[in-house]
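Report on the structure given below.
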Amino acid sequence: MEIIEQLEKTMNDTLKYFDLKEEDLQKNYGAGKWSARYVLHHIADSESIFLYRIRRIISEPKQVIWYVDGEAWANKLDYSQVPLTLAKSIYVSSRGAIIYYARHHYQDSEEIKFVHSQAGLRTLKDEFDKVVWHNQQHADQIEKALLIR
């Protein structure tokens, strides 16, 4: 199943970033943008949010799922202080569970609908696909930060 391959690939590609040197973790991909450290924490927190949504949508279809303010999470949870080992653990366990649920539910996931508080009507398939897209976007930002001198 292609979604499983994409989930595994983005996970494997992202895991290497958790082992970056401190100087690389401080790099950002543009003026005023998050550092690689912040992006990694955001990816990890987002995975846990996606996992919650996926489980909720499978269990209780037709839910309204609320938007999450990533900037508020970064500030209020103080990503500069949270150990990256904790973020990595959250990321790995959440992604493992997402892969599990994708194996069992992706095939029929277009039939399961929910409402996102900002995006409107969506499907479980949309949410699985968004996990891959979201992760790839942020991995690209880290890669860009590492290329900037």
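Bear in mind these aren't lab numbers, they're just calculated from the coordinates by the rules spelled out. These figures come from a predicted structure and were not determined experimentally. With ideal geometry, Cβ positions are generated from the backbone for all residues, glycine too; neighbour counts draw on all protein chains shown.
Listed values, structure above:
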read-out	value
Quotient of Cα Rg and 2.2 N^0.38 Å for the range 2-147, N being how many residues it contains	1.05
GLU2-GLU22 FRET efficiency (beta carbon distance; Förster radius 25 Å; 0.05 resolution)	0.10
Potential extension, LEU146-LYS130 segment - 0.36 nm per residue separation minus Cα distance	3.3 nm
Stretchable slack from GLN63 to VAL115, in nm (0.36 nm times residue separation minus alpha-carbon distance)	18.1 nm
Cβ crowding within 10 Å averaged over residues, with 58-71, 75-88, 24-37 ranked highest first	24-37, 75-88, 58-71
The range 34-89 - Rg (one decimal) and Dmax (whole number), Cα, Å	12.9, 37
Helix-derived mean residue ellipticity, 222 nm - over the chain, DSSP H n ≥ 4, -39500 (n - 2.57), to 500	-21000 deg cm²/dmol
